[in-house]
Amino acid sequence: MRTIIDKASSRGHSQYNWLNSYHTFSFDNYYNPARMGFGALRVLNDDWVAPGEGFGTHPHKNMEIVSIPLSGHLKHGDSTKNERVITVGDIQLMSAGTGIFHSEKNGSASDPVEFLQIWIMPKKESTQPLYKDFSIRELKKDNELALIVSPDGSTDAKLLQDTWFSIGEVEAGKTVNYKLHQPNNGVYAFIIEGKIQIDNLILSRRDGVGISETNTIELQTLEDAHILLIEVPM
């Protein structure tokens, strides 16, 4: 098993009066040639947006974009005439394909919104732009990692890449096993909250680790933990 650790304290950082954003991989003004992604995973941003503020309308092309709210309300608008507000328990998927303009703003005038913004490089380019959002509330179970995104129809949320997202809240003292879906894939584990151990590695809040050259992963929770796993082709 091969591992690449990205500690929370080593991430890039963008600070504005309306945005506080941490970048696991190179993004915006943060550039690190050793941190250009993990396999098909290109961007993992941890964003805090002030009330009533947000990212104005801007373009994307040939990228699969996933947003996962951690608190507050995230308001989406795009050039395919979608306008939606999602919150904790929802996820948002956008296939930029041949090109799409969108905005992501705080849907509240009084409370901040926190969300993870994740970009996956697509398997096929120049596809039709597409937006969807889904509730994952019914999928989540105590002390398990729920599959929330897939490429093959095993979840409602599908991306145009051989990638699987799993998320869950697991109490301290539990062991969770994860089996990869395809050979030659890797898994990026991001610790949203808590503390876990993988092999001999201790990972805490907002730490990440890329894991490859293995078929299975064992996670042990040292504290109550909220965990996101992103499996991607390497």
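The numbers here are math on the coordinates, done by the rules we state, and not lab data. All figures in this text were calculated on a predicted structure; none of them were measured in a lab. Glycine gets a Cβ as well: all are built from the backbone with ideal geometry, and neighbour counts include every protein chain shown.
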- Query: Pulled fully out, how much extra length does the chain show between E171 and E138, if you take 0.36 nm times their separation in residues and subtract their Cα-Cα distance?
  - Reply: 10.0 nm
- Item | Long pairs among K61/K158; K81/K141; K7/K124; K7/K105; K61/K132; K7/K140, criterion Cα-Cα beyond 22 Å | K81/K141; K7/K124; K7/K105; K7/K140
- Task: Quick one: which residues, 5 or more positions from G186 or on another chain, have an amide H under 5 Å from its amide H? H modelled 1.01 Å from N in the peptide plane, none for Pro or chain starts.
- Result: V232, M234
- Query: Roughly what percent of Cα-Cα pairs across segment 11-135 reach past 22 Å?
  - Reply: 33
- Task: Starting with the fewest neighbours, write out W48, W18, W119 ranked by other beta-carbon atoms found within 10 Å of each beta-carbon.
- Result: W18, W48, W119
- How much net charge surrounds R35 when only other residues with a Cβ under 12 Å from its Cβ are counted (Lys, Arg +1; Asp, Glu -1)? +2
- Least to most buried among F134, F55, F115 (fewest other Cβ within 10 Å first): F55, F134, F115
- Message: Below 11 angstrom from the Cβ of K105, what's the summed charge of the other residues (Lys, Arg +1; Asp, Glu -1)?
- Response: -2
